[in-house]
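Notes follow the structure.
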Amino acid sequence: MLQFVVLLHELPDDAEIGSHWDWMFETGTTLETWRTPIGDGMLAMFEIGWPCERLADHRRDYLDYQGPVSQNRGSVSQVFRGRHEPLAETATRDNSAPRILFFDGINIEDFPSCWRWEVVGGETGMEMRLTAIDKSSRPSPSS
């Protein structure tokens with residue numbers, strides 16, 4: 001099963017864009033990457049649509065990297081990691097297929113470890129959506 005990571009990308013105060021979450025999905029030799037605003041925090045985005053932007057693919061090094069980003073582009077720290085499995089469905093216009101996410105090491109009471117992730121067209125652009133999967137109907141993660 002492929003890996004994913006969510007990084008908090010904190011940028012300098014004078015940066016053109018603000019600090020944000022980077023969602024990175026292993027796709028083979030690179031990481032498909034999406035940016036979402038911090039807003040009211042990470043947990044606020046679960047079960048609701050969240051604005052997102054497709055970024056250029058990133059190096060696989062970011063699956064494990066935490067620290068400063070070159071050229072004064074701030075720093076990244078890992079918030080979540082886990083495994084993902086693309087679903088055999090039609091990809092979106094950005095070639096991103098919906099996925100099942102299995103979060104590792106979540107110690108939040110009543111927080112499901114299995115979610116459906118997808119990007120859909122919203123009223124004002126692209127939205128990332130995460131929907132909890134009932135434990136009794138969710139697939140088993142294959143190692």
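The values are calculated or read from the model by the stated rules, or taken from the named source; none is laboratory data. Because the structure is predicted, anything quoted here is derived from the model rather than measured. No Cβ is skipped: glycine too gets one built from the backbone with ideal geometry, and neighbour counts run over all protein chains shown.
For region 114-128, name all the residues that are modelled with pLDDT of 75 or more and not aromatic (Phe, Trp, Tyr). I'd like the intermediate steps shown before the answer.
Of all residues in region 114-128, those modelled with pLDDT of 75 or more come to 114-121, 125-128.
Residues satisfying the conditions are Cys114, Arg116, Glu118, Val119, Val120, Gly121, Gly125, Met126, Glu127, Met128.
From the set of residues in region 28-46 that are touching a strand residue (DSSP E or B) at 6+ places or on another chain (Cβ under 6 Å) and among the hydroxyl-bearing types (Ser, Thr, Tyr), which is modelled with the lowest pLDDT?
Thr36
For a quick check of your reading of the model, give me the residue pairs whose first member lies in region 3-19 and is over 15 Å from Leu55 (Cα atoms), whose second is of a type in the set (Lys, Arg) and not in a strand (DSSP E or B), with beta-carbon atoms closer than 9 Å and at least 6 apart or on different chains.
Once the first residue is over 15 Å from Leu55 (Cα atoms) and sits in region 3-19, its partners that are of a type in the set (Lys, Arg) and not in a strand (DSSP E or B) give Gln3/Arg60; Leu11/Arg73; Pro12/Arg73; Ala15/Arg73.
Tell me which residues, restricted to region 11-35, are touching a helix residue (DSSP H, G or I) at 6+ places or on another chain (Cβ under 8 Å) and over 22 Å from Gln71 (Cβ atoms).
Hits for region 11-35 are Glu26, Thr29.
Among the residues in region 15-27, are any among the β-branched types (Val, Ile, Thr), at pLDDT 85 or above and closer than 22 Å to Phe102 by Cα? Even if it seems obvious, please write down each step before you answer.
Taking region 15-27 first, the residues among the β-branched types (Val, Ile, Thr) are 17, 27.
Narrowing further to those that are at pLDDT 85 or above: 17, 27.
Then drop every residue that is not closer than 22 Å to Phe102 by Cα, which leaves 27.
Yes, region 15-27 contains a residue that is among the β-branched types (Val, Ile, Thr), at pLDDT 85 or above and closer than 22 Å to Phe102 by Cα.
Could you list all residues from region 47-98 that are charged (D, E, K, R), at pLDDT 80 or above and assigned to a loop (DSSP other than H, G, I, E, B)?
Residues satisfying the conditions are Asp64, Arg73.
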